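See structure below.
The values are calculated or read from the model by the stated rules, or taken from the named source; none is laboratory data. Please read all numbers here as calculations on a predicted model, not as lab measurements. Here Cβ is always computed from backbone atoms with ideal geometry, including for glycine, and neighbour counts include all displayed protein chains. What goes into the accessible areas is simple: the full protein's heavy atoms, side chains included, and nothing from ligands, DNA or RNA. Shrake-Rupley method; radii C 1.70, N 1.55, O 1.52, S 1.80 Å.
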Amino acid sequence: VQLQASGGGLVQTGGYLRLSCQRSPPTGYYTTAWFRQAPGKEREFVAGINRAGGHAYYDNSVKGRFTVSKDSARNLVYLQMDNLRPEDTAVYYCAVADGLYNYPRLPSRYAYWGQGTLVTVSS
């Protein structure tokens, strides 16, 4: 599985970005998730979309501001990020789980990772 993340950039507080994750080949029933890692911090779960049915779940820090969605026909997963805050600044990674879990949040559940895309939110 190869993952290509894109869409990062520099925005002001309150702005928005949409990240994209291109998956190859299609990952079907395996969860795709977004994680982020800020300088000096551990990688943390942001949002995931579970199985072909598209059940989305979020970390509390982004709930109501971020939306994860998928376009199965194009093998894409998106992360729409609205009302961005300086604390959202990080490298964002997309990842695919290595098994069929219920709403996995631990990085250890994910075997495939994209290269990361940098999001910087200025105050």
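Rounded to a whole number, what % of the accessible area of the range 28-123 do carbon and sulfur atoms account for, probe 1.4 Å?
Carbon-and-sulfur percentage of accessible area, whole number: 47.
For the range 16-91, I need the span (max minus min coordinate) of the C-alpha atoms along each principal axis, in Å, sorted largest to smallest.
Between the extreme Cα coordinates on each principal axis of the range 16-91 lie 34, 23, 19 Å.
Can you order the peptides 42-48, 81-87 by their average number of other Cβ atoms within 10 Å per residue, highest first?
Listed from highest to lowest mean packing, they are 42-48, 81-87.
Looking at the chain as a GNM with Cα springs under 10 Å, which of 26, 107, 39 has the largest mean-square fluctuation?
Greatest mean-square fluctuation among the candidates belongs to 39.
Please give the length that would be gained between residue 65 and residue 6 if that part of the chain were fully extended, namely 0.36 nm times their separation in residues minus their C-alpha to C-alpha distance (nm, one decimal).
Extra length available between residue 65 and residue 6 comes to 19.3 nm.
Give me the net charge of residue 66's neighbourhood, meaning all other residues with Cβ under 15 Å from the Cβ of residue 66; Lys, Arg count +1, Asp, Glu -1.
Here the count lands on +2.
Tell me, what is the per residue accessible area of the chain in Å², probe radius 1.4 Å?
Each residue of the chain exposes 52 Å² on average to a 1.4 Å probe.
With +1 assigned to the C-beta of every Lys and Arg and -1 to the C-beta of every Asp and Glu, and no other charges, what is the dipole magnitude of the chain about the Cα centre in debye, to the nearest 20?
160
Given R₀ = 22 Å, FRET efficiency for residue 123-residue 76 by Cβ-Cβ distance, to 0.05?
0.10
With each pseudo-label sitting 7 Å past Cα toward Cβ, what's the residue 42-residue 24 distance in nm, one decimal?
My value for the distance between the label points is 3.4 nm.
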